[in-house]
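Participant: Before I ask anything, here is the structure I am working with.
The values are calculated or read from the model by the stated rules, or taken from the named source; none is laboratory data. As the structure is a prediction and not an experimental result, all values here were calculated from the model. Neighbour counts run over all protein chains shown; Cβ positions are idealised from the backbone, glycine included.
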Amino acid sequence: MIAHGKNATGSMPQRIVFWCLRIATYFVLACATYIFLDITIKGSRAVFITHPPFVNFAFLSQAPETLYVFDYEGKKTTMGDREFREWKTTHQIDDANVTSVAYSAGGIWPCIVGTALLVIGSMTFALLVGISSAIYLSEYSRNGRLVRLVRIAILNLAGVPSIVFGLFGFGLFVIFFGWNVSLLAGWFTLGLMVLPAIITASEESLRAVPQGLREGSLALGATQWQTIRKNVLPYALPGILTSSILGIARVAGETAPIMFTAAYAVRDTMPWNVSKWSEFPFQGVMALPYHIYVVSSKIPQNEYTARVQYGAAFVFLALVMLIALSSVLLRQRVRMRLQW
């Protein structure tokens, strides 16, 4: 009876803790759901239309333009910069009655391209360097004082704000190396920013592989590198892909580093429109996070800017989800093939 009484008494605090945690979890989910629904509902109005082909390809395939709003023959008319200039050559209108709204016409195609290029380039650099560093720390290095200091430094770098990485990249790559505002400077800056997380996650994945796989391979006469390449890396690949998913989400969503190193508010030409391919890495680009920041904070807000803000945010979320989903599917496929 005494034990039963203690359990009954102790169950009330446990239930209180349980419901507090449950309510907190549901509150976070409700907030995230509201944000995503708000962006999806308002952003889809800019991406989708009510008549065939039901997709606003102009918004997805054109460059941003200035929007002109004016009254003509008693009706409010809106035109993009190119269309307005052509229309003005054949029509008379008082410029005093014309209102211009920057970046609120056209589309976001250069921003999509720039975001994809920044993600691909920076993640390629980060995965190559990160996996190589993780292999050294896990398989080759001895757990001495220097290695422990290196691991502590990596963990500390993971907590450095992104604005600091942006200023570091600006000082080193843009000014000291003379790369200017370019894809190359953005790749290295973003790659260094996600490098600590990739090294840590990759090293943990390598250490999770059973030691027996290494010992069996070495006992059969394989070299250490052959053992790592054939018996360790394949089984650690799902964990490494998990770190890449986290890296992609962070790289794609950063604004502070690219505004110092890689992004322009407006870029008329695409980065591949160069006379020599060697000039391609040194081209600056537009990017969705920076474009959303500029449209949301650097120009007066109205109904026309809201369309671009939510449309760009909707496409940005869809692009990040598409890249992350590809990594998740690849990870699941690898996990199904490799089991120990």
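Participant: Among the residues of region 239-251, is there at least one that is over 30 Å from Ile292 (Cβ atoms) and without any contact (Cβ under 8 Å) to a residue 40 or more places away in the chain?
Facilitator: Within region 239-251, one or more residues are over 30 Å from Ile292 (Cβ atoms) and without any contact (Cβ under 8 Å) to a residue 40 or more places away in the chain.
Participant: Separate question: Please enumerate the residues belonging to region 275-312 that are of a type in the set (Asp, Glu) and farther than 17 Å from Gly106 by Cα.
Facilitator: Glu279
Participant: Are there any pairs with C-beta distances below 6 angstrom linking a residue in region 122-133 that is under 17 Å from Arg207 (Cα atoms) and assigned by TED's automatic domain parsing to the domain that holds Leu184 to a residue that is in a helix (DSSP H, G or I) and not small (Gly, Ala, Ser), with the two at least 6 apart or on different chains, and if so which?
Facilitator: Gly130/Leu195; Gly130/Ile198; Gly130/Ile199; Ser133/Ile199
Participant: Does Ser278 count as crowded, with 21+ Cβ neighbours inside 10 Å and polar (S, T, N, Q)?
Facilitator: Spelling it out, it is not the case that Ser278 is crowded, with 21+ Cβ neighbours inside 10 Å and polar (S, T, N, Q).
Participant: Mind counting the residues in region 57-94 that are assigned to a loop (DSSP other than H, G, I, E, B) and touching a residue at least 24 places away in the same chain (Cβ under 8 Å)?
Facilitator: 2
Participant: A further question follows. Scan Thr89, Thr25 and give me the residue that is at pLDDT 90 or above and of a type in the set (S, T, N, Q).
Facilitator: Thr25
Participant: Something else: Of a type in the set (A, V, I, L, M), under 29 Å from Phe316 (Cα atoms) and surrounded by fewer than 16 Cβ atoms within 10 Å (Cβ to Cβ): does that describe Leu117?
Facilitator: In short, no.
Participant: Something else now. Of the numbered conditions (1) more than 23 Å from the chain's Cα centre (by Cα); (2) closer than 18 Å to Gly247 by Cβ, Ser141 satisfies every one except a single condition; which is it?
Facilitator: (2)
Participant: Working carefully through the options Ala236, Ala262, Ala222, Ala208, find the one that is buried (at least 18 other Cβ atoms within 10 Å of the Cβ), hydrophobic (A, V, I, L, M, F, W, C) and farther than 16 Å from Met123 by Cβ.
Facilitator: None of the others qualify; the one that does is Ala236.
Participant: Here are some conditions: (1) under 16 Å from Ala287 (Cβ atoms); (2) crowded, with 20+ Cβ neighbours inside 10 Å. Leu195 meets all but one. Which one does it not meet?
Facilitator: (1)
Participant: Quick check on this structure: which one of Arg250, Arg307 is surrounded by fewer than 21 Cβ atoms within 10 Å (Cβ to Cβ) and either within 20 Å of the chain's Cα centre (by Cα) or among the aromatic types (Phe, Trp, Tyr) (or both)?
Facilitator: One residue alone meets the criteria, Arg250.
Participant: Something else now. How about region 101-199: which helices (runs of 4 or more DSSP H) wholly inside it have at least 2 residues that are modelled with pLDDT of 90 or more and touching a Cys at 6+ places or on another chain (Cβ under 7 Å)?
Facilitator: none
Participant: Looking at (1) β-branched (Val, Ile, Thr); (2) in contact with a strand residue (DSSP E or B) (Cβ under 9 Å, 6 or more places away or on another chain); (3) touching a residue at least 40 places away in the same chain (Cβ under 8 Å), find the lone condition where Thr99 falls short.
Facilitator: Checking Thr99 against (1) β-branched (Val, Ile, Thr); (2) in contact with a strand residue (DSSP E or B) (Cβ under 9 Å, 6 or more places away or on another chain); (3) touching a residue at least 40 places away in the same chain (Cβ under 8 Å), the one that fails is (3).
Participant: Taking region 170-186 as the region of interest, how many residues are exposed (fewer than 15 other Cβ atoms within 10 Å of the Cβ) and among the hydrophobic types (A, V, I, L, M, F, W, C)?
Facilitator: 3
Participant: Just need a number here: residues in region 277-317 that are in a loop (DSSP other than H, G, I, E, B) and either within 18 Å of Ile35 (Cβ to Cβ) or at pLDDT below 90 (or both).
Facilitator: Total meeting the criteria: 5.
Participant: Here are the criteria: (1) touching a Gly at 6+ places or on another chain (Cβ under 6 Å); (2) over 23 Å from Arg267 (Cα atoms); (3) among the acidic types (Asp, Glu). Tell me which single one Asp71 does not satisfy.
Facilitator: (1)
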